[in-house]
Amino acid sequence: MKLHSLTAHQILDLYKSKQASSEEVLKDVLSRIGAVDSRVRAYVRLSNQKSAGEGSAAIPIAIKDNMCTQGEEITCSSKILKGFHPPYDAGVIERIKQNGGRILGFANMDEFAFGSSTENSCYGPTYNPWDLTCVPGGSSGGSAASVAADEAVWALGSDTGGSIRQPASFCGVVGLKPTYGRVSRYGLIAFASSLDQIGPLTKDVTDCALLMNIIAGYDDRDSTSVNVPVPDYTKALINDVHGIKIGVPKEAFAEGLDSQVSQAVEAAIEQLKKLGAVVKEVSLPHTPYAVATYYIVATAEASSNLARFDGVRYGLRQLSANVRKTPVIDMYEETRAKGLGDEAKRRIMLGTYVLSSGYYDAYYLRGQKVRTLIKQDLDGAFKDCDVILTPTAPTTAFKVGEKASDPLSMYLSDVYTIPANLAGVPSISVPCGFSKEGLPIGLQLMGKAFDEEMLLRVCFSYEQNTPWHTKKPNL
Amino acid sequence: MSQEFETVIGLEVHLQLSTKTKIFCGCVNVFGSAPNTNVCPVCLGLPGTLPVLNQQALLYAIKVGLALNAQINPFIKFDRKNYYYPDLPKGYQISQYDLPVAKDGFVMIKTDKNEKRIGIKRAHLEEDAGKLVHDDRGNCSLVDYNRTGTPLIEIVTEPDLRSPQEAYDYLNTLKLILQYLNVSDCDMEKGSLRCDANVSIRPIGQTALGTKTELKNMNSFRAVKTGLEYEVCRHKQVILSGGRIIQETLLWNDEKAMTIAMRSKEQAHDYRYFSDPDLVPFTINYKVIDQVRAELPELPQIKLERFIKQYGLSEYDAGVLVIDQAVAVFFEHCCQHYEQSKKVANWLNGAVLKEMNERKMGISELKLTPVNLVALIKAVENGVVSNLAGKEVLKAMLDSGKTPAQVIQDKGLVQVSDDSALMAIVEEIINQNPTVVEQIKQGKPSAAGFLVGQAMKKSGGKANPKKLSELIIRRISNA
């Protein structure tokens with residue numbers, strides 16, 4: 001039996017019936033990593049954790065390289081954090097450990113989560129398990145690829161503008177960005193604090209519910225974490241969508257959408273209708289401004305969040321041979337020049353610009369106002385429907401290097417995922433087909449705040465009636 | 001060209017709040033620990049950590065706001081002030097920009113003519129930075145992050161101060177109010193109270209403000225005054241010689257008694273303020289505000305007026321008592337046991353204050369209870385001991401913690417009022433001072449004071465001076 005190819009709930013069943021032990025599962029997954037990771041390059045580092053984990057949730061997991069874990073090096077795939085060993089566990093890591101989880105290693109990502117292809121990593125790119133010449137998406141590309149390639153049973157990623165859902169779509173796995181405030185951000189190295197949220201990447205919807213049961217909940221160390229009861233998400237796994245109202249924004253099927261993606265998503269809509277869902281058109285008139293708004297809000301916060309990487313306390317410190325300004329300013333400049341990649345520098349400059357005196361009102365303040373309008377669009381739509389359905393990404397996975405020199409076209413690959421971050425609502429991507437080239441296509445659902453259960457229910461019903469989640473890449 | 005100028009000054013006071021823990025983490029908030037021992041991942045700004053507001057700091061800030069007659073904003077938020085400095089671990093300081101805890105207050109100060117209202121523009125919460133230690137031997141600088149995250153409240157005045165003296169008076173008045181609130185030790189030497197000043201001058205009659213300069217690095221209220229005096233003088237010289245003041249930040253050098261340019265307006269930071277997404281905005285419930293208001297102590301100005309009215313004290317006496325809240329409380333305790341309030345004030349402001357200064361102790365550290373002080377005052381008033389001996393008794397009480405009765409007995413200081421015992425001394429003094437005796441006889445009775453003094457000395461302070469005076473006058477007029 002290939003233990004590594006199983007889902008978490010299948011493995012848990014084996015634990016229960018004593019047909020497999022956590023040691024056996026761990027061993028099998030590690031040997032899978034040994035067999036394929038030299039080609040996929042999902043991991044940047046394996047963990048130092050010795051035990052195989054125990055208990056009902058002893059599932060080997062991949063962690064994005066931006067969640068602080070005690071006793072490990074955590075770098076956000078950036079040179080500037082090389083050698084940084086956080087002396088504490090992130091909120092989600094504590095929960096994983098408390099539940100007996102086994103951290104396999106740390107998954108590759110775009111540096112500081114800046115990107116949609118996992119090419120902006122100081123460790124080099126991760127490759128898509130379905131086609132090794134393609135990107136896995138990003139920024140949680142390593143996490144998505146590890147799950148798709150059976151190098152992890154499940155994984156955690158973080159999503160600021162689509163960084164869980166877009167790679168889930170590209171790699172043919174399930175990815176959920178929970179409601180802002182549902183999962184603790186404590187210990188997640190921040191990209192854009194008002195948008196970041198940690199979430200699961202799993203092989204199917206059931207696993208997504210199981211992993212949410214572990215990571216969701218209030219954390220008093222995170223002021224933006226919301227203290228509301230956490231449901232048992234597995235109770236939402238109901239194979240029935242009768243009467244559930246699904247809104248499809250007319251803006252979603254616009255210019256730039258790949259025809260194969262469009263067809264697959266339309267087919268999924270038909271399938272859901274057949275299963276009894278009520279599909280209606282909605283309008284989200286401000287979503288065409290979502291990408292522009294996002295690149296103002298997110299970069300502004302990032303420019304400030306990344307200011308702490310200055311060479312003074314941890315990570316890279318680059319001293320100057322000759323004093324140009326003052327020794328301290330030289331150190332800042334050289335450390336950041338050497339330690340940060342091009343995309344990080346680009347976003348820091350953008351963010352610094354939009355917050356600068358004289359430009360703040362025209363950019364940052366305006367951006368915040370449009371953000372409110374986008375949120376109101378979604379609030380309005382949710383008055384008439386339970387979920388909103390769109391493609392996850394406008395295309396399937398693109399070739400490594402294809403968009404590397406065209407940041408704007410790269411930014412547009414998050415056009416469908418960004419509104420959920422701006423509005424703070426939960427959003428999920430599930431597989432809904434394959435292109436004729438054999439690349440996975442993803443379907444995105446957005447839900448009302450704190451109603452992850454509705455997303456899981458609709459996706460579970462869809463998954464039970466479609467074969468996509470059972471397909472595996474040929475590695 | 002002779003021209004009269006008006007000085008315009010605004011002050012920014014930073015006050016460290018003496019909360020148990022720091023403003024955004026659980027580290028203890030104390031001064032003087034070994035470097036980098038009161039730190040945690042949060043105040044070190046390690047990646048991934050998040051701030052959580054200390055409610056005590058917010059309550060203290062509301063308290064300060066209310067004591068400064070300010071409005072408490074029902075909705076507040078925190079903002080990031082972005083700049084690079086090695087003592088600032090996150091690369092930004094969490095502060096408040098457009099929605100501070102308190103705004104639009106005032107402080108009344110006494111000028112030589114009358115009272116003056118100094119507007120308080122705002123008071124906001126923020127976190128303190130760490131401290132750089134420059135090591136000359138090692139050719140390097142070290143950073144101590146213990147202070148990082150200490151809660152600060154910044155109190156900003158309107159440009160209402162018209163002279164360095166007014167600035168000085170305002171600072172003293174403000175400090176006294178803050179001490180009464182018991183939210184900070186207000187110790188400038190430890191850096192728990194710091195002051196920056198903005199100053200400009202303009203021709204009298206002009207309404208537009210002149211170009212200002214900002215003064216930093218004053219380590220005492222005296223230095224604030226001297227620095228401002230220097231700067232006002234410099235502004236006048238520059239303008240009168242046809243020059244222009246450049247808007248800049250200057251450092252006051254106390255040793256050289258001059259200001260030194262630090263950075264110009266062009267070099268000024270663009271702090272790129274924006275609201276901190278890690279801290280959700282707070283709604284301050286009016287019930288919380290009412291609760292804090294109800295718990296406010298009686299503030300110095302109110303106490304002063306009450307002391308004058310209730311105890312019939314002079315403004316001076318009441319003022320001296322009120323300057324030290326503990327002394328004021330001690331005074332009122334004494335008055336519960338003794339109705340001669342004026343006498344109590346005299347003792348506290350005289351002999352007791354002198355002992356406090358000599359011993360460098362606060363009144364609560366002295367071995368003195370209100371009951372014992374009242375007993376001592378009564379002993380003097382009833383003639384058990386002389387006024388002079390009373391001061392000796394006080395010293396002994398403070399040394400030993402004994403009651404006045406015990407001290408008087410131990411030292412044998414009971415006042416001698418017995419005529420026969422005193423007469424011998426009187427005879428001796430009169431015989432030794434014939435010139436003075438002659439003056440008294442010629443109608444200068446005030447000269448008798450000298451003889452009383454001599455006789456007191458002779459008695460070792462034990463004689464009853466009133467009795468002595470009577471005996472001396474009777475003896476001379478009978479002669």
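The values are calculated or read from the model by the stated rules, or taken from the named source; none is laboratory data. Treat the numbers as computed from the prediction; the structure is a model and nothing was measured. All Cβ positions, glycine included, derive from the backbone under ideal geometry; neighbour counts span all protein chains shown.
Hey, which of the strands (runs of 3 or more DSSP E) in segment B:140-244, taking only ones fully inside, have at least 1 residues that are assigned by TED's automatic domain parsing to the domain that holds B:T21, in contact with a Phe, Trp or Tyr (Cβ under 9 Å, 6 or more places away or on another chain) and farther than 26 Å from B:K63 by Cα? Explain how you work it out, then say what you get.
Working: elements: B:140-144, B:151-157, B:193-203, B:213-218.
Where strands (runs of 3 or more DSSP E) fall fully within segment B:140-244 and carry at least 1 residues being assigned by TED's automatic domain parsing to the domain that holds B:T21, in contact with a Phe, Trp or Tyr (Cβ under 9 Å, 6 or more places away or on another chain) and farther than 26 Å from B:K63 by Cα, they are B:193-203, B:213-218.
Only a single criterion out of (1) on the phi < 0 side of the Ramachandran plot; (2) within 14 Å of chain A (Cβ to nearest Cβ) is not satisfied by B:G45, namely (1). With respect to A:T7, is the statement that it is within 14 Å of chain B (Cβ to nearest Cβ) and β-branched (V, I, T) true? For A:T7, the condition - within 14 Å of chain B (Cβ to nearest Cβ) and β-branched (V, I, T) - is not met. Per the listing A:I215, A:I164, A:I244, the residue uniquely over 22 Å from the mean Cα position of the chain (by Cα) and away from every other protein chain (no Cβ under 14 Å) is A:I244. Considering segment A:180-193, the residues that are in contact with a helix residue (DSSP H, G or I) (Cβ under 7 Å, 6 or more places away or on another chain) and of a type in the set (S, T, Y) include one that is farthest from the other protein chains (Cβ to nearest Cβ), namely A:S184. Inside segment B:204-259, residues that are free of Cβ contacts under 8 Å to residues at least 24 places away in the same chain and surrounded by 14 or more Cβ atoms within 10 Å (Cβ to Cβ) make up a count of 1.
Residues that are under 29 Å from the mean Cα position of the chain (by Cα) and touching a residue at least 60 places away in the same chain (Cβ under 8 Å): does segment B:324-333 have at least one? Explain how you work it out, then say what you get.
The initial filter retains those residues of segment B:324-333 that are under 29 Å from the mean Cα position of the chain (by Cα), namely B:324-333.
Going one step further and asking which of them are touching a residue at least 60 places away in the same chain (Cβ under 8 Å), we end up with B:325.
Yes: segment B:324-333 contains one or more residues that are under 29 Å from the mean Cα position of the chain (by Cα) and touching a residue at least 60 places away in the same chain (Cβ under 8 Å).
Of all residues in segment B:141-163, none satisfies the criterion of being over 29 Å from the mean Cα position of the chain (by Cα) and more than 14 Å from chain A (Cβ to nearest Cβ). Does segment A:324-334 contain at least one residue that is under 30 Å from A:E270 (Cα atoms) and of a type in the set (V, I, T)? No: segment A:324-334 contains no residue that is under 30 Å from A:E270 (Cα atoms) and of a type in the set (V, I, T).
Okay, residues lined up against (1) under 42 Å from the mean Cα position of the chain (by Cα); (2) of a type outside the set (D, E, K, R):
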position	(1), (2)
B:G390	yes, yes
B:D399	yes, no
B:K402	yes, no
B:G412	yes, yes
B:K458	no, no
B:R474	no, no
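Looking across segment A:218-241 at every residue that is away from chain B (no Cβ under 14 Å) and acidic (D, E), the one that is surrounded by the most Cβ atoms within 10 Å (Cβ to Cβ) is identified as A:D240. Selection of segment B:68-88 for residues being more than 30 Å from the chain's Cα centre (by Cα), under 22 Å from B:R293 (Cα atoms) and part of a loop (DSSP other than H, G, I, E, B) yields B:P74, B:K77.
Please specify each residue of segment A:386-399 satisfying the condition of being crowded, with 20+ Cβ neighbours inside 10 Å and out of contact with any helix residue (DSSP H, G or I) (no Cβ under 7 Å at 6 or more places or on another chain). Correct list: A:F398 only. Out of segment B:356-373, which residues are under 24 Å from B:E315 (Cβ atoms) and crowded, with 18+ Cβ neighbours inside 10 Å? Hits for segment B:356-373 are B:M356, B:I363, B:P370, B:L373. Against the list (1) in contact with a Leu (Cβ under 8 Å, 6 or more places away or on another chain); (2) within 18 Å of A:V153 (Cα to Cα); (3) part of a helix (DSSP H, G or I), the condition A:I63 fails is (3). A:N465 passes every criterion in (1) outside the structural domain of A:H242 (by TED's automatic domain parsing); (2) surrounded by fewer than 24 Cβ atoms within 10 Å (Cβ to Cβ); (3) not hydroxyl-bearing (S, T, Y) apart from (1).
Looking for something under 23 Å from A:T75 (Cβ atoms), aliphatic (A, V, I, L, M) and either in a helix (DSSP H, G or I) or in contact with a Cys (Cβ under 7 Å, 6 or more places away or on another chain) (or both) - is there at least one such residue anywhere in segment A:359-370?
Of segment A:359-370, the ones under 23 Å from A:T75 (Cβ atoms) are none.
No, there is no match, as no residue in segment A:359-370 is under 23 Å from A:T75 (Cβ atoms), aliphatic (A, V, I, L, M) and either in a helix (DSSP H, G or I) or in contact with a Cys (Cβ under 7 Å, 6 or more places away or on another chain) (or both).
Residue pairs whose Cβ atoms lie under 8 Å apart, sitting 6 or more positions apart in sequence or on different chains, and linking a residue in segment A:432-459 that is closer than 18 Å to A:K177 by Cα to a partner that is buried (at least 24 other Cβ atoms within 10 Å of the Cβ) and basic (K, R), are A:G442/A:R165; A:Q444/A:R165; A:F450/A:R182; A:E452/A:R182. Filter segment A:357-400 down to the residues that are under 21 Å from the mean Cα position of the chain (by Cα), among the small types (G, A, S) and over 23 Å from A:K245 (Cα atoms) and list them by number. Of everything in segment A:357-400, just one residue is under 21 Å from the mean Cα position of the chain (by Cα), among the small types (G, A, S) and over 23 Å from A:K245 (Cα atoms), namely A:A397. Filtering segment A:42-60 for residues that are in the same structural domain as A:A149 (by TED's automatic domain parsing), acidic (D, E) and not in a helix (DSSP H, G or I) leaves a non-empty set. All of A:S413, A:S409, A:S429, A:S405 fail the test of being under 14 Å from A:G137 (Cα atoms), free of Cβ contacts under 8 Å to residues at least 40 places away in the same chain and among the small types (G, A, S), apart from A:S409.
The listed residues are A:E251, A:E281, and the only one of them that is surrounded by fewer than 23 Cβ atoms within 10 Å (Cβ to Cβ) and either within 20 Å of the chain's Cα centre (by Cα) or modelled with pLDDT under 95 (or both) turns out to be A:E251.
Would you check if A:K50 is away from chain B (no Cβ under 14 Å) and surrounded by fewer than 17 Cβ atoms within 10 Å (Cβ to Cβ)? Yes; evaluated as a whole, the condition is true for this residue.
Across segment A:311-336, the number of residues qualifying as surrounded by fewer than 13 Cβ atoms within 10 Å (Cβ to Cβ) and either under 21 Å from B:H269 (Cβ atoms) or touching a Phe, Trp or Tyr at 6+ places or on another chain (Cβ under 8 Å) (or both) comes to 3.
Just to verify a result, which residue in segment B:87-140, among those that are more than 24 Å from B:V42 (Cβ to Cβ) and within 14 Å of chain A (Cβ to nearest Cβ), is modelled with the lowest pLDDT?
Of all residues in segment B:87-140, those more than 24 Å from B:V42 (Cβ to Cβ) come to B:98, B:102-123, B:134-140.
Imposing the further condition that a residue be within 14 Å of chain A (Cβ to nearest Cβ) reduces the set to B:98, B:134-135, B:138-140.
Details: B:D98: 95, B:H134: 85, B:D135: 78, B:G138: 72, B:N139: 78, B:C140: 83.
The selected residue is B:G138.
Total residues in segment A:197-212 satisfying the condition of being under 16 Å from A:I63 (Cβ atoms) and either of a type in the set (S, T, N, Q) or facing another protein chain (nearest Cβ under 9 Å) (or both): the figure is 2. Looking only at segment A:273-322, count how many residues are assigned to a helix (DSSP H, G or I), more than 14 Å from A:A192 (Cβ to Cβ) and within 14 Å of another protein chain (Cβ to nearest Cβ). Total satisfying the criteria: 1. Considering segment A:95-116, the residues that are touching a residue at least 12 places away in the same chain (Cβ under 8 Å) and surrounded by fewer than 24 Cβ atoms within 10 Å (Cβ to Cβ) include one that is farthest from the other protein chains (Cβ to nearest Cβ), namely A:G100.
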